[in-house]
Amino acid sequence: MIQNFFILCSGADSSILKTCSQGEQNKYAGIGATVFFTALMAFIASSYALYTVFDNIYTATFFGFIWGLLIFNLDRFIVSTIKKRNNFGQEFLQATPRIILAVIIAVVISKPLEMKIFEKEINQVLLEQKNEMTLANKEQLALQYTPKIKNLNADITSLKSEITTKEMETNALYSTYITEAEGTSGTFKLGKGPVYEEKRQKHDAALAELNTLKETNAQKISGIESQITALNTEYADVVKNSQPVIDGFDGLMARINALNELPWWPSFFIFLLFLAIETTPIIAKLLSPKGTYDFKLEEEESMIHTWVRQKIQQREQILLADTALNEKIYNEIRREEEVYAYKKKKAEELLKIQADAFGDLQMKQL
């Protein structure tokens, strides 16, 4: 039963193959098994590739099954249409387009399985790429917020500088009226005289201005700091919202590009493996000698071809004979006087009827 199934997969005529030896049946069963397992590998590979796209096992399995059937049909067609000839060059020339198609199929089948085999290495490459993209994304987004934050920090520095300058002025006035009271500067008179009172009033006024300035600038600084906090929060939210896009950067194309970042030779050997699997049925048909099945198939096709040619020739001869008979019959009829007289009589009657009808029409018009 299994052998019959693989013979069916090979595309061979089972009715002819049953009349051949067991070895011939085993050869085509082996070719059919190669076709079947190639289609099975295509199903597995495409299902995995589609799963990375749709992220749904049922959808991936369904379309993977369709792809496997397509590959099975193509391989079966390729193997079944290669006919054994007496000239190897003609056989190879006949198989060349099919070999090219087999190479294309091998590439399509091997690539998804390469991604599965090297999944850990691909994930590492993708992780590095995601980290680079995250840093680049933060730097790019920071360009929108950093200048604003720098300007606000500069405003805070300016406000604090105003307070510092005012404090220095107030401290200088404090030192002036203290030294006046001590008699070490100004009038150089010990005690709190009129000059002292004047300098004390200037200091107290400057101190009041300093306190007012501190309160005003503190409110301004608080407002600016709130703006900075809001900008930092907005920047963090933008980074957080854009991160899922980067985290989702692991689709089919991203994995293929990541696979290309790895050393080429392991992928190349996997491709060679699938190329060997895919071309094995074709190479087996090319290298195998002309067997009993090939002779019987050629005989049956020759019989059908001969029968078709015979039918065509028979129809051509019938047509020629029928044409000759018709010509002979009508030539004899043309020579008979009775037929001539009858045709002449009928023509005269027809002309009289036409003349009478034309005369009646003219009379009506008058």
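Details
- In the chain, the DSSP-assigned H stretches of four residues or longer account for a calculated mean residue ellipticity at 222 nm of -32000 deg cm²/dmol, using -39500 (n - 2.57) per stretch and the full residue count as denominator.
- As a rough footprinting exposure proxy, the listed residues His305, His203 were ranked by other beta carbons within 10 Å of their own, and the order from fewest upward is His305, His203.
- For region 62-135 and region 1-21, distance of Cα centres in Å: 26
- Rg and Dmax over the alpha-carbon atoms of region 65-119 stand at 14.4, 48 Å.
- Highest mean packing first, where packing is the average number of other Cβ atoms within 10 Å per residue, the peptides 100-108, 162-170 line up as 100-108, 162-170.
- Ellipsoid fit via the Cα gyration tensor, region 1-157: semi-axes of 57, 17, 11 Å, each the root of five times an eigenvalue, largest first.
- Pairs of alpha carbons in the chain whose separation is greater than 27 Å (percent): 76
- Computed from phi, the 3J(HN,Hα) profile of region 28-45 under the Karplus parametrisation 6.51, -1.76, 1.60 (θ = phi - 60°) reads 6, 5, x, 5, x, 5, 4, 4, 5, 6, 5, 5, 5, 5, 5, 5, 5, 5 Hz, with x in place of Gly and Pro.
- Extension reserve of the Leu127-Ser161 stretch, reckoned as 0.36 nm per residue once the Cα distance is removed: 7.5 nm
- Cα-based helix-to-principal-axis angle, 88-117 vs the chain, degrees rounded to 10: 30
- For the chain, relative contact order (Cα pairs under 8 Å, six or more residues apart, normalised by length) works out to 23 percent.
- Built amide H within the under 5 Å cut-off of Phe118, gap 5+: none
- Cα Rg over Rh - region 125-252, Kirkwood: 1.42
- C-alpha long axis of helix 194-247 to longest principal axis of the chain, angle in °: 20
- Across region 125-252, the mean sequence separation of Cα contacts (distance under 8 Å, 6 or more residues apart), normalised by length, yields a relative contact order of 35 percent.
- With 5 Å bins from 0: P(r) over region 214-314, alpha-carbon pairs, percent: 2, 8, 6, 7, 7, 6, 6, 6, 5, 6, 6, 5, 5, 4, 3, 3, 3, 2, 2, 2, 2, 2, 1, 0, 0
We did not get these values from a lab; they are worked out from the coordinates using the rules stated. What you are looking at is a predicted structure, and each value in this text was computed from that prediction instead of being measured. So basically every Cβ, Gly included, is an ideal-geometry build from the backbone, and we count neighbours across all protein chains shown.
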